1. Find the residue count for region 1-20, including only residues that are crowded, with 17+ Cβ neighbours inside 10 Å and modelled with pLDDT under 95.
2. For R125, work out the one condition from (1) in a strand (DSSP E or B); (2) in contact with a Leu (Cβ under 7 Å, 6 or more places away or on another chain); (3) of a type outside the set (S, T, N, Q); (4) modelled with pLDDT under 90 it doesn't fulfil.
3. Tell me which residues, restricted to region 143-166, are loosely packed, with under 15 Cβ neighbours inside 10 Å and on the phi > 0 side of the Ramachandran plot.
4. Across region 149-170, what is the number of residues that are of a type outside the set (A, V, I, L, M, F, W, C) and outside any strand (DSSP E or B)?
5. Would you check if T23 is polar (S, T, N, Q), surrounded by fewer than 17 Cβ atoms within 10 Å (Cβ to Cβ), within 22 Å of the chain's Cα centre (by Cα) and closer than 18 Å to G84 by Cα?
Amino acid sequence: MQHVIKYEPSFPMLQVSLQPNETLIAEAGTMVARATTVEMEVKLNAGRSAGFFAKLKAIFVAMVRKMVGGDTFFVNHFTAPSGGWVWLAPALSGSMRHIPLNGQTLVMSAGAFVACAGEVDLKLRWGGLRAILAKEGAFFVEASGRGDLWLTSYGAIDEIWVNGTYVVDNGHLVAFDSSLQFKIKSPGGGVMGFVASGEGLVCEFTGQGRVLIQSRNTMSLVDWVGRLLP
(Lines give C-alpha, C1' and ligand atoms only; values in the text may rest on other atoms or scores of the structure.)
Protein backbone atom coordinates (compact mmCIF):
# COMPACT_ATOMS: atom_id res chain seq x y z
CA MET A 1 0.00 0.00 0.00
CA GLN A 2 1.34 3.46 -0.89
CA HIS A 3 2.48 5.28 2.23
CA VAL A 4 5.04 7.65 3.69
CA ILE A 5 6.21 8.12 7.28
CA LYS A 6 6.88 11.80 7.94
CA TYR A 7 8.49 13.76 10.79
CA GLU A 8 10.87 11.01 11.87
CA PRO A 9 12.69 10.29 14.11
CA SER A 10 10.78 11.68 17.10
CA PHE A 11 7.24 12.57 16.02
CA PRO A 12 6.25 10.24 13.17
CA MET A 13 2.98 10.46 11.25
CA LEU A 14 1.90 7.77 8.81
CA GLN A 15 0.22 9.00 5.62
CA VAL A 16 -1.49 6.25 3.62
CA SER A 17 -3.02 6.56 0.15
CA LEU A 18 -6.00 4.27 -0.40
CA GLN A 19 -6.90 3.01 -3.84
CA PRO A 20 -10.58 2.34 -4.61
CA ASN A 21 -11.96 -0.33 -2.22
CA GLU A 22 -8.67 -0.74 -0.32
CA THR A 23 -9.01 -1.07 3.45
CA LEU A 24 -6.66 0.08 6.19
CA ILE A 25 -7.05 -1.31 9.73
CA ALA A 26 -5.76 1.02 12.45
CA GLU A 27 -5.55 1.03 16.23
CA ALA A 28 -8.36 3.04 17.82
CA GLY A 29 -7.38 6.63 18.57
CA THR A 30 -4.53 6.94 16.06
CA MET A 31 -6.33 8.88 13.31
CA VAL A 32 -5.12 12.42 12.71
CA ALA A 33 -7.16 13.20 9.57
CA ARG A 34 -8.81 11.54 6.60
CA ALA A 35 -10.30 12.45 3.25
CA THR A 36 -14.06 12.96 3.07
CA THR A 37 -14.21 10.08 0.58
CA VAL A 38 -12.94 7.64 3.23
CA GLU A 39 -15.46 5.70 5.29
CA MET A 40 -14.66 4.52 8.83
CA GLU A 41 -16.16 1.54 10.66
CA VAL A 42 -15.30 0.49 14.22
CA LYS A 43 -14.90 -3.25 14.73
CA LEU A 44 -13.91 -5.62 17.48
CA ASN A 45 -10.86 -7.43 16.16
CA ALA A 46 -11.19 -11.15 16.73
CA GLY A 47 -9.36 -12.39 13.63
CA ARG A 48 -10.41 -12.52 9.99
CA SER A 49 -12.09 -15.93 10.19
CA ALA A 50 -13.32 -15.79 13.77
CA GLY A 51 -16.53 -17.61 14.64
CA PHE A 52 -19.07 -16.79 17.34
CA PHE A 53 -17.02 -18.09 20.27
CA ALA A 54 -13.86 -16.31 19.07
CA LYS A 55 -15.77 -13.03 18.91
CA LEU A 56 -17.24 -13.65 22.35
CA LYS A 57 -13.74 -14.26 23.68
CA ALA A 58 -12.52 -11.04 22.04
CA ILE A 59 -15.31 -9.06 23.75
CA PHE A 60 -14.33 -10.52 27.12
CA VAL A 61 -10.64 -9.79 26.55
CA ALA A 62 -11.40 -6.22 25.45
CA MET A 63 -13.34 -5.62 28.68
CA VAL A 64 -10.53 -7.07 30.80
CA ARG A 65 -7.86 -5.00 29.05
CA LYS A 66 -9.94 -1.85 29.51
CA MET A 67 -10.45 -2.52 33.23
CA VAL A 68 -6.75 -3.10 33.93
CA GLY A 69 -5.75 0.05 32.06
CA GLY A 70 -4.46 -1.53 28.86
CA ASP A 71 -5.54 -1.01 25.29
CA THR A 72 -8.92 -2.15 24.18
CA PHE A 73 -9.02 -4.37 21.13
CA PHE A 74 -11.22 -2.20 18.97
CA VAL A 75 -9.83 -1.18 15.60
CA ASN A 76 -10.97 1.25 12.93
CA HIS A 77 -11.48 0.03 9.35
CA PHE A 78 -10.89 2.79 6.79
CA THR A 79 -12.24 2.10 3.28
CA ALA A 80 -12.28 4.39 0.26
CA PRO A 81 -14.81 3.32 -2.41
CA SER A 82 -13.38 5.90 -4.81
CA GLY A 83 -9.92 6.36 -3.30
CA GLY A 84 -8.63 8.68 -0.60
CA TRP A 85 -6.08 9.06 2.19
CA VAL A 86 -5.70 8.57 5.94
CA TRP A 87 -3.16 10.07 8.37
CA LEU A 88 -2.25 8.22 11.58
CA ALA A 89 -0.02 9.04 14.55
CA PRO A 90 0.79 7.10 17.76
CA ALA A 91 0.17 8.47 21.25
CA LEU A 92 3.82 8.73 22.32
CA SER A 93 6.82 10.32 20.66
CA GLY A 94 9.25 7.83 19.24
CA SER A 95 9.60 5.95 15.99
CA MET A 96 7.50 4.05 13.48
CA ARG A 97 8.48 1.07 11.34
CA HIS A 98 6.90 -0.45 8.22
CA ILE A 99 7.21 -4.25 8.11
CA PRO A 100 6.12 -6.20 5.01
CA LEU A 101 4.63 -9.56 6.02
CA ASN A 102 5.22 -12.45 3.62
CA GLY A 103 3.62 -15.33 5.46
CA GLN A 104 5.54 -15.01 8.73
CA THR A 105 4.09 -14.19 12.17
CA LEU A 106 5.18 -11.26 14.31
CA VAL A 107 4.26 -10.94 18.00
CA MET A 108 3.89 -7.37 19.30
CA SER A 109 3.88 -6.04 22.83
CA ALA A 110 1.01 -3.88 24.06
CA GLY A 111 0.81 -0.51 22.33
CA ALA A 112 3.14 -1.37 19.43
CA PHE A 113 0.46 -1.95 16.76
CA VAL A 114 -0.47 1.05 14.61
CA ALA A 115 -2.07 -0.28 11.42
CA CYS A 116 -2.12 -3.02 8.82
CA ALA A 117 -3.40 -3.64 5.28
CA GLY A 118 -3.77 -6.58 2.96
CA GLU A 119 -4.33 -10.19 4.03
CA VAL A 120 -3.02 -9.61 7.57
CA ASP A 121 -4.74 -11.46 10.41
CA LEU A 122 -4.60 -9.92 13.90
CA LYS A 123 -5.16 -12.09 16.96
CA LEU A 124 -4.71 -11.79 20.69
CA ARG A 125 -2.08 -14.06 22.17
CA TRP A 126 -2.16 -14.95 25.85
CA GLY A 127 1.23 -14.15 27.32
CA GLY A 128 0.61 -15.85 30.63
CA LEU A 129 2.06 -15.01 34.02
CA ARG A 130 5.51 -14.42 32.52
CA ALA A 131 4.21 -11.56 30.38
CA ILE A 132 2.45 -9.96 33.37
CA LEU A 133 5.64 -10.17 35.43
CA ALA A 134 7.55 -8.60 32.56
CA LYS A 135 5.14 -5.64 32.57
CA GLU A 136 4.15 -6.44 29.00
CA GLY A 137 0.55 -7.11 29.98
CA ALA A 138 -1.37 -10.38 29.85
CA PHE A 139 -1.86 -10.24 26.08
CA PHE A 140 0.30 -9.79 23.01
CA VAL A 141 -0.97 -8.90 19.54
CA GLU A 142 -0.05 -11.47 16.88
CA ALA A 143 0.05 -10.44 13.21
CA SER A 144 0.33 -13.05 10.45
CA GLY A 145 -0.35 -13.39 6.72
CA ARG A 146 0.67 -11.21 3.78
CA GLY A 147 0.48 -7.45 3.59
CA ASP A 148 1.69 -4.28 5.30
CA LEU A 149 2.21 -3.82 9.03
CA TRP A 150 3.16 -0.62 10.87
CA LEU A 151 4.58 -0.57 14.40
CA THR A 152 5.43 2.19 16.83
CA SER A 153 7.78 2.50 19.79
CA TYR A 154 8.75 4.89 22.55
CA GLY A 155 12.17 5.99 21.33
CA ALA A 156 14.04 4.65 18.31
CA ILE A 157 13.53 1.10 16.99
CA ASP A 158 16.45 -1.25 16.50
CA GLU A 159 16.15 -4.63 14.78
CA ILE A 160 18.25 -7.48 16.19
CA TRP A 161 18.68 -10.79 14.35
CA VAL A 162 19.02 -13.57 16.91
CA ASN A 163 20.83 -16.82 16.23
CA GLY A 164 21.14 -18.50 19.61
CA THR A 165 20.33 -16.51 22.76
CA TYR A 166 19.61 -12.82 23.30
CA VAL A 167 18.55 -10.90 26.43
CA VAL A 168 16.32 -7.80 26.34
CA ASP A 169 15.15 -5.62 29.22
CA ASN A 170 11.42 -6.18 29.47
CA GLY A 171 10.60 -2.47 29.17
CA HIS A 172 12.41 -2.18 25.82
CA LEU A 173 10.63 -4.98 23.95
CA VAL A 174 8.56 -3.97 20.90
CA ALA A 175 8.04 -7.19 18.90
CA PHE A 176 9.60 -10.53 17.99
CA ASP A 177 9.23 -13.32 15.45
CA SER A 178 7.04 -16.21 16.59
CA SER A 179 9.89 -18.60 15.73
CA LEU A 180 11.67 -17.41 18.89
CA GLN A 181 11.06 -18.86 22.34
CA PHE A 182 11.37 -16.59 25.36
CA LYS A 183 11.37 -16.77 29.13
CA ILE A 184 11.38 -14.24 31.94
CA LYS A 185 14.33 -14.18 34.33
CA SER A 186 16.27 -12.00 36.76
CA PRO A 187 18.88 -9.67 35.19
CA GLY A 188 21.61 -11.37 37.21
CA GLY A 189 23.52 -10.64 40.39
CA GLY A 190 21.23 -12.68 42.62
CA VAL A 191 18.76 -11.00 44.97
CA MET A 192 20.80 -7.81 45.04
CA GLY A 193 20.77 -7.63 41.25
CA PHE A 194 16.99 -7.97 41.17
CA VAL A 195 16.34 -5.41 43.94
CA ALA A 196 19.07 -2.81 43.45
CA SER A 197 20.08 -2.92 39.78
CA GLY A 198 17.00 -1.03 38.60
CA GLU A 199 16.61 -3.51 35.75
CA GLY A 200 13.62 -5.47 37.08
CA LEU A 201 13.19 -8.54 34.86
CA VAL A 202 14.57 -9.41 31.43
CA CYS A 203 13.32 -11.47 28.48
CA GLU A 204 15.69 -14.17 27.24
CA PHE A 205 15.05 -15.19 23.63
CA THR A 206 16.26 -18.46 22.15
CA GLY A 207 16.27 -19.66 18.53
CA GLN A 208 16.49 -17.89 15.20
CA GLY A 209 14.54 -14.78 14.31
CA ARG A 210 14.39 -11.05 14.88
CA VAL A 211 13.65 -8.96 17.93
CA LEU A 212 12.60 -5.31 17.70
CA ILE A 213 13.62 -3.18 20.67
CA GLN A 214 13.02 0.45 21.60
CA SER A 215 15.68 2.83 22.92
CA ARG A 216 13.45 4.21 25.69
CA ASN A 217 11.40 2.59 28.45
CA THR A 218 7.79 3.71 28.91
CA MET A 219 7.69 2.68 32.57
CA SER A 220 10.79 4.77 33.26
CA LEU A 221 8.92 7.77 31.83
CA VAL A 222 5.92 7.01 34.06
CA ASP A 223 8.16 6.74 37.15
CA TRP A 224 9.96 9.99 36.28
CA VAL A 225 6.68 11.91 35.79
CA GLY A 226 5.30 10.40 39.01
CA ARG A 227 8.16 11.83 41.06
CA LEU A 228 7.33 15.33 39.81
CA LEU A 229 3.66 15.17 40.75
CA PRO A 230 2.54 16.78 44.01
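1. Counting residues in region 1-20 that are crowded, with 17+ Cβ neighbours inside 10 Å and modelled with pLDDT under 95 gives 1.
2. Only one criterion in (1) in a strand (DSSP E or B); (2) in contact with a Leu (Cβ under 7 Å, 6 or more places away or on another chain); (3) of a type outside the set (S, T, N, Q); (4) modelled with pLDDT under 90 is unmet by R125, namely (2).
3. Correct list: G164 only.
4. Initially, region 149-170 is screened for residues of a type outside the set (A, V, I, L, M, F, W, C), giving 152-155, 158-159, 163-166, 169-170.
Checking the rest, the ones that are also outside any strand (DSSP E or B) come to 154-155, 170.
Residues flagged as of a type outside the set (A, V, I, L, M, F, W, C) and outside any strand (DSSP E or B) within region 149-170 amount to 3.
5. Details: polar (S, T, N, Q): yes; surrounded by fewer than 17 Cβ atoms within 10 Å (Cβ to Cβ): yes; within 22 Å of the chain's Cα centre (by Cα): yes; closer than 18 Å to G84 by Cα: yes.
When the stated conditions are applied, T23 passes them.
The values are calculated or read from the model by the stated rules, or taken from the named source; none is laboratory data. Computed from a predicted model, the values in this text were never measured in an experiment. Using ideal geometry, Cβ is built from the backbone for each residue, glycine included, and neighbour counts are taken over all protein chains shown.
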